[in-house]
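Questions regarding the structure given below will be posed in turn.
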Amino acid sequence: MDFSYDRRTLELRERLEEFMDRHVYPAEPVLAAQLADPARPRWEIPPVVADLRVEARKQGLWNLFLPGEHGAGLTNLQYAPLAEITGRSPHLAPPALNCAAPDTGNMELLAGFGTAEQRERWLEPLLDARIRSAFAMTEPEVASSDAANIATRIVRDGDEYVVDGRKWYISGAMNPDCRLLIVMGKTDPAAEPHRQQSMVLVPRDTPGVTVRRGMTVFGYDDADHGGHAEVTFEGVRVPAGNLLGEEGAGFAIAQARLGPGRIHHCMRAIGIAERALELTCRRVLDRTAFGGPLADQGVVQDWIAESRVRIEQLRLLVLKTAWLMDTVGNRGAHTEIQAIKIATPRTVEWILDKAVQAHGAAGVSQDTPLAALWAFNRTIRIADGPDEVHKRSLARRELRRYRQESP
């Protein structure tokens, strides 16, 4: 395994770091001011993001997440250090580069499973950031961590599919620029559990689609990217040509989407941890308590040392996972993908907790990014599948090797 950065990665990394220093970090207070402006339409993308997108395009920092002809053509290993940098400002940098979820995962699905007509209608404007999209899977009435529980029905009726169901925490769906919902539901409840589900493309303005409310996350409405909506589908009719892939392939397609999505979250989370550690070091050198700098306290030094060790461990595991995805595919990297999904948000949560503690009251205030970063990172332990599901799957895979050895 060679994790050294190649020439292209080094060039993009240098360009991206300059972009962050000159444009993104100075824009953070601008974003806060625009979000607080009572005259601003609540769910629209703030103007500062559009300004950053113009600059990112000029510098060739666009669609870096997407491999192949439709994106920048980077491997997972090349993209990892770039995604880490954007994670230092997760509310601005990823959307500025058109590398923000849920659009990234939806673009990957359309590129990998969409028909030529579907790609022309939806993928091209998403790649150009002319529209936004949402992925409608999670439901309030069932434990959606088990996809077999999904209750939304997708029923074939002649040349159409009829969708009925209720979804929530559908990220980005409150945004008026959200034009497409990729909806997962059951087309055949009698099939074996992982062949019951399918996905259909539902334009947001289709009759019967109702965006009912925005959900909060630890009190944050996340209006900067379109919030997290509760959406109902009542007798929603779409052409049969809006099926993504084939009937019964919904679970497999979801797994194809979640693999890259999980590693992208982990890449960015390492950037969050680096930002938190930097803020901690600056804070404890600047504050005095009990006759000396906080930085001289043994417990604080322990936090800093542990944070550095844990960041380096995570980075190596994420890079190994990226390398495996590039060389043996997502299926071959299954164990490592689950391992980083378990380890990364939990470890970054610990680092953020110590950063908050080092800042005292300021750590839970709006005057530092720490509280928002903590809330963002904590949700990842649920959003891409709860820790317990990944641990269960990982343990079963590990035990299988030994069961096969038993007489």
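Ile304 passes all but one of (1) closer than 24 Å to Val318 by Cα; (2) in contact (Cβ under 8 Å) with a residue 60 or more places away in the chain; which number fails?
Looking at each condition in turn, Ile304 falls short on (2).
Residues in the range 99-118: is at least one open to solvent by 10 Å² or more (accessible area, probe 1.4 Å) and over 20 Å from Val200 (Cα atoms)?
yes
I would also like to ask the following. Scanning for something at pLDDT 95 or above, aliphatic (A, V, I, L, M), within 22 Å of the chain's Cα centre (by Cα) and under 21 Å from Leu373 (Cα atoms), does the range 9-20 turn up at least one residue?
Yes, that holds for at least one residue.
For the range 60-76, which positions are touching a residue at least 60 places away in the same chain (Cβ under 8 Å) and open to solvent by 50 Å² or more (accessible area, probe 1.4 Å)?
Across the range 60-76, the qualifying residue is only Thr75.
Specify the residue that is nearest to Pro193 (Cα to Cα); the eligible residues are those in the range 240-256 that are open to solvent by 30 Å² or more (accessible area, probe 1.4 Å) and in a helix (DSSP H, G or I). Full working, then the answer.
Looking only at the range 240-256, we keep the residues that are open to solvent by 30 Å² or more (accessible area, probe 1.4 Å), and these are 241, 245-247, 251-252, 255-256.
Right, trim to in a helix (DSSP H, G or I) and you get 241, 251-252, 255-256.
Working: Gly241: 24, Phe251: 9, Ala252: 12, Gln255: 14, Ala256: 17 Å.
Restricting to residues being open to solvent by 30 Å² or more (accessible area, probe 1.4 Å) and in a helix (DSSP H, G or I), the top hit is Phe251.
Give the residue, chosen from Ala116, Ala80, Ala129, Ala147, that is touching a Leu at 6+ places or on another chain (Cβ under 7 Å) and small (Gly, Ala, Ser). Explain how you work it out, then say what you get.
Numbers: Ala116 fails: touching a Leu at 6+ places or on another chain (Cβ under 7 Å); Ala129 fails: touching a Leu at 6+ places or on another chain (Cβ under 7 Å); Ala147 fails: touching a Leu at 6+ places or on another chain (Cβ under 7 Å).
Unique residue meeting the criteria: Ala80.
If you don't mind, another one. Give the residues of the range 177-222 that are among the charged types (D, E, K, R), open to solvent by less than 70 Å² (accessible area, probe 1.4 Å) and farther than 21 Å from Asp103 by Cα, sorted by residue number.
Once the filter is applied, which keeps residues that are among the charged types (D, E, K, R), open to solvent by less than 70 Å² (accessible area, probe 1.4 Å) and farther than 21 Å from Asp103 by Cα, the range 177-222 yields Lys186, Asp188.
Going through Arg237, Arg310 one at a time, which residue ends up being farther than 28 Å from Ala83 by Cα, open to solvent by 50 Å² or more (accessible area, probe 1.4 Å) and modelled with pLDDT of 95 or more?
It is Arg237.
Are any residues in the range 1-59 under 24 Å from Pro176 (Cβ atoms), open to solvent by 60 Å² or more (accessible area, probe 1.4 Å) and not in a helix (DSSP H, G or I), and if so, which ones?
Scanning the range 1-59 gives Asp37, Pro38, Ala39, Pro41, Arg42, Glu44.
Does Arg262 satisfy the criteria of being at pLDDT below 95, closer than 30 Å to Ser89 by Cα, open to solvent by 20 Å² or more (accessible area, probe 1.4 Å) and under 24 Å from the mean Cα position of the chain (by Cα)?
yes
Taking the options Arg315, Arg268, Arg282, Arg346, name whichever one is part of a helix (DSSP H, G or I), farther than 26 Å from Tyr5 by Cα and touching an Asp or Glu at 6+ places or on another chain (Cβ under 8 Å).
Details: Arg315 fails: farther than 26 Å from Tyr5 by Cα; Arg268 fails: farther than 26 Å from Tyr5 by Cα; Arg282 fails: touching an Asp or Glu at 6+ places or on another chain (Cβ under 8 Å).
Selected residue: Arg346, the only one of Arg315, Arg268, Arg282, Arg346 that is part of a helix (DSSP H, G or I), farther than 26 Å from Tyr5 by Cα and touching an Asp or Glu at 6+ places or on another chain (Cβ under 8 Å).
I'm trying to understand the selection: among the residues of the range 313-352, which are of a type in the set (S, T, N, Q) and open to solvent by 10 Å² or more (accessible area, probe 1.4 Å)?
Correct list: Gln313, Thr327, Asn330, Thr335, Gln338, Thr347.
Spot the failing condition for Ala361; the list is (1) buried (at least 18 other Cβ atoms within 10 Å of the Cβ); (2) farther than 30 Å from Glu398 by Cβ; (3) without any contact (Cβ under 8 Å) to a residue 60 or more places away in the chain; (4) not hydroxyl-bearing (Ser, Thr, Tyr), and only one is missed.
(1)
Just a yes or no: is a residue in the range 367-388 more than 26 Å from Phe251 (Cα to Cα), surrounded by fewer than 16 Cβ atoms within 10 Å (Cβ to Cβ) and either aromatic (Phe, Trp, Tyr) or out of contact with any helix residue (DSSP H, G or I) (no Cβ under 6 Å at 6 or more places or on another chain) (or both)?
Among the residues of the range 367-388, at least one is more than 26 Å from Phe251 (Cα to Cα), surrounded by fewer than 16 Cβ atoms within 10 Å (Cβ to Cβ) and either aromatic (Phe, Trp, Tyr) or out of contact with any helix residue (DSSP H, G or I) (no Cβ under 6 Å at 6 or more places or on another chain) (or both), which makes the answer yes.
Are any residues in the range 289-301 open to solvent by 80 Å² or more (accessible area, probe 1.4 Å) and either modelled with pLDDT of 95 or more or in contact with a helix residue (DSSP H, G or I) (Cβ under 6 Å, 6 or more places away or on another chain) (or both), and if so, which ones?
Within the range 289-301, Asp296, Val299, Gln301 qualify.
The values are calculated or read from the model by the stated rules, or taken from the named source; none is laboratory data. Because the structure is predicted, anything quoted here is derived from the model rather than measured. Cβ: placed from backbone, ideal geometry, glycine included. Neighbour counts: every protein chain shown. Ligands, DNA and RNA are stripped out before the accessible areas are found, and what is left, the full protein with its side chains, is counted by its heavy atoms. Shrake-Rupley method; radii C 1.70, N 1.55, O 1.52, S 1.80 Å.
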